[in-house]
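A quick write-up on the structure given underneath.
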Amino acid sequence: MSELVLDEETNGFRPNWDNIILMTAYDKDRTFILTWDGRYLVLPRPIGTVLEQFAQDNDIADYERQALYDMIGVHKGRGYIAGHNRLVPTCGTTNDGVVYYVARRLAGREAIAGGQMVEASFRGRKHQLFRVVIDTSYKTFMNLLEAADQAAGVQLDILEWRMHSYRVRKVNKRDNVRFYAMYGRRVKSRDLRRRWMMMLVRRVIRDYCTEEECKEIERLIKHYIEK
């Protein structure tokens, strides 16, 4: 990182799905950005602050991320997921060397250093290709990318169900395969909604109720959601 020639240190750049390839901590107070058009920028804010603003700009609530990843059984390395838009970490998010990258910019990846590091290729503007060596194991890199894909799949299934439910898109019930697929999406939608509620309830009551009281409240919420 110290060998990079920076284009600019600026407070006037706001990361979004379309203008970045990746971001990582430059130091404890600043964030490095590789932009889609190939610029090396540093923002004078910690990466945690940059990610919080990114989540707010894209309506990605932390409790929703927790519930979404909980559905697929992944509890570490949660990305920022909005359907086809996925900002994926390369390792555990408490790791100082974690890199967050936009998955649709990923052009290729391969294991190096005996699988203990990854060389990733990213597509930029005008067919630019950026090769980045990332300090994470290939297994971890692929597991977190797969988890992000699964989380996105849940969101897109729920979107499909809601479009059907709101009559934006109709389903022919004589097509059994299609009908049962839609029923599965409905189940996912209800499950995610219940998990959202549980996450919020736990945050609010965990300091005021016993474990048994928390479980009873969660049972009642589940009952009313599924009623």
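Where a number appears in this text, it was derived from the coordinates with a stated rule and is not lab data. Just so it is clear, the structure is predicted and the values come from calculations on it, not from any experiment. Cβ coordinates were reconstructed from backbone atoms using ideal geometry, including for glycine residues, and neighbour counts include every protein chain displayed.
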For this session: List every residue pair whose Cβ atoms sit under 6 Å apart, with the two residues 6 or more apart in sequence or on different chains, where the first one lies in region 183-198 and is farther than 14 Å from Tyr69 by Cα and the second, anywhere, is charged (D, E, K, R).
Result: Arg185/Asp157; Arg185/Glu160
Exercise. Hey, among the residues in region 121-160 that are within 19 Å of Glu110 (Cα to Cα) and surrounded by fewer than 13 Cβ atoms within 10 Å (Cβ to Cβ), which one's nearest to the chain's Cα centre (by Cα)?
Worked result: Lys139
Exercise. Applying the selection to region 194-216, what residues are assigned to a helix (DSSP H, G or I), within 26 Å of the chain's Cα centre (by Cα) and farther than 13 Å from Ala61 by Cβ?
Worked result: Arg194, Met198, Val201, Arg202, Val204
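Residues checked against (1) within 21 Å of Ala152 (Cβ to Cβ); (2) surrounded by fewer than 18 Cβ atoms within 10 Å (Cβ to Cβ):
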{"residue": "Leu4", "(1), (2)": "no, yes"}
{"residue": "Asp7", "(1), (2)": "no, yes"}
{"residue": "Leu41", "(1), (2)": "no, no"}
{"residue": "Phe54", "(1), (2)": "yes, no"}
{"residue": "Ala61", "(1), (2)": "yes, yes"}
{"residue": "Ala82", "(1), (2)": "yes, yes"}
Seminar exercise, completed: Scanning region 67-90 for residues that are in contact with a strand residue (DSSP E or B) (Cβ under 8 Å, 6 or more places away or on another chain) and more than 16 Å from Asn16 (Cα to Cα) gives Leu68, Gly77, Arg78, Thr90
